[in-house]
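Trainee: Sharing a structure here in structure tokens format.
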Amino acid sequence: MARALGTMTHLKSLYCGMNPAIGAVGCDALAAALPRMTALSSLNLSGLHTGDAGMAALASRLPEAPALTKLCLCYNSIGDVGAKDLCKVLPRCLKLADGDREVHDFARGLDLGENQYSAASALALDAAGGTRIQIIHHYTDSDDD
């Protein structure tokens, strides 16, 4: 599937959510196709249970997604390691910052709801996105146990 996606240069929206069979390996293959998906503006990868390994693969390619303005990564078991990988690339994900910044209108930005990173990682993500990128959290804080 990822090989075929790389040829779909006119695809604007892709929903792969709630398909845990994709996992980290599938996320790696999808990440490799991202730079060739030049029109893709909305990507929903919620519920794939990619964890930190999948996040590392995806993060490495996010800055190469030329049109991506909306990314949903909720319910992926992303921990502090995956959040750190994402922090490294967020400043280079310029299109995620485009558009309106209405708090209740997730038309643009990054949805990281229901993951497993700590409050410290949430703060680091917010700092990496700065005032440019709207980030939705709702994480499970592992520090509260």
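Trainee: Farthest toward the dipole's positive end in the chain, which of Gly17, Ala29, Ser121, given Cβ charges of +1 (Lys, Arg) and -1 (Asp, Glu) about the Cα centre?
Mentor: Ala29
Trainee: Only helical DSSP H runs with n ≥ 4 go in: add -39500 (n - 2.57) per run for the chain, normalise by residue count and round the 222 nm mean residue ellipticity to 500 deg cm²/dmol.
Mentor: -9500 deg cm²/dmol
Trainee: If the only charges are +1 at each Lys and Arg Cβ and -1 at each Asp and Glu Cβ, what is the size of the charge dipole of the stretch 2-144 around the Cα centre, to the nearest 20 debye?
Mentor: Using only the charged Cβ atoms, the result is roughly 760 debye.
Trainee: Moving on. If you take every residue apart from Pro63 with its C-beta less than 11 Å away from the C-beta of Pro63, what net charge results, scoring Lys and Arg +1 and Asp and Glu -1?
Mentor: Net charge in that neighbourhood comes out at +3.
Trainee: Taking 8 Å as the Cα distance limit and 6 or more residues as the minimum spacing, I'd like the relative contact order of the chain as a percentage.
Mentor: 20 percent
Trainee: With N set to the residue count of the stretch 1-79, report its C-alpha Rg divided by 2.2 N^0.38 Å to two decimal places.
Mentor: That works out to 0.96 for the stretch 1-79.
Trainee: Also, quick follow-up: So, in Å, what gap is there between the alpha-carbon centers of the stretch 8-65 and the stretch 67-98?
Mentor: Their Cα centres are 11 Å away from one another.
All of the numbers you see were taken from the coordinates with simple rules; none came from a lab. Predicted model only: the values in this text are computed from it and were never measured. A quick note on method: Cβ atoms are made from the backbone with ideal geometry, for glycine too, and the neighbour counts reach across all protein chains shown.
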